[in-house]
Every structure is written in C-alpha cells, then in structure tokens.
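The block underneath contains the structure these notes are about, expressed in structure tokens.
The values are calculated or read from the model by the stated rules, or taken from the named source; none is laboratory data. Remember, predicted model here, so these are calculated numbers, not experimental data. Cβ sites come from the backbone with ideal geometry, for glycine too, and all protein chains shown count toward neighbours. These accessible areas exclude ligands, DNA and RNA; they are computed on the full protein's heavy atoms, side chains included. Shrake-Rupley method; radii C 1.70, N 1.55, O 1.52, S 1.80 Å.
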Amino acid sequence: MEDAATKDGIEAKIFATSASDAHDKLDSEKPDVLMLGPQVRYLEGDFKKDLSIPVQVINMQDYGLMKGENVLKTALKLIDEQ
C-alpha cells in the first residue's frame, strides 16, 4: 500500500497492528479508515459499532497476493464515500 501511494503521489500514513493492540493504536493514530485482514473478519462488526470511520475487511485475494494498490484504492474509496 505504501509503495502504491508513493507511486501515485498520495501522501498517506499506513500502519499495521495486531488485533489485540488495535484499539490502543487507533486511539493514538486516529486513522481515516480501518482495513482488517481476512483472518480477523469476525471483528468487523465490533469495530463498526465502536468507530465512526469506515471499516472493511480486505479482499482475501488482494491480501493473499499482496496487491497493495487494490487495497489502497478500496481504502480511498471508503474515505471518499464517508
């Protein structure tokens, strides 16, 4: 995602964290969108209830094939739709 953002001239701060540390990281970073790995899709509903930002599970194929550009496009679309 960072490489895709840089390539497209998009200034973005992208970070990853474990599910157990997610709430602390969200409090300190204040992101515009939360993208969840497919392995923690079961947390999507909880995050959607707790947060006022878009929350979505990353497409499994994009995640597995590390298609950061697709994930970035999805994240930006979610932010624009908000």
Requested in this report: Collect the residues in the range 59-80 that are open to solvent by 70 Å² or more (accessible area, probe 1.4 Å), among the polar types (S, T, N, Q) and either outside any helix (DSSP H, G or I) or closer than 16 Å to Asp8 by Cβ (or both), keeping them in residue-number order.
Outcome: Asn59
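Okay, residues lined up against (1) surrounded by 14 or more Cβ atoms within 10 Å (Cβ to Cβ); (2) of a type in the set (D, E, K, R):
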residue	(1), (2)
Asp21	no, yes
Ser28	no, no
Gln39	no, no
Val57	yes, no
Query raised in the report: What pairs come up if the first residue lies in the range 1-25 and is of a type in the set (A, V, I, L, M, F, W, C) and part of a helix (DSSP H, G or I), the second is open to solvent by 70 Å² or more (accessible area, probe 1.4 Å) and at pLDDT below 95, and their beta carbons are under 9 Å apart, counting only those six or more places apart or on different chains?
Result: Ala5/Glu11
Query - Filtered residues of the range 41-55 (kept if of a type in the set (Lys, Arg) and either surrounded by fewer than 12 Cβ atoms within 10 Å (Cβ to Cβ) or within 11 Å of the chain's Cα centre (by Cα) (or both)) - result: Lys49
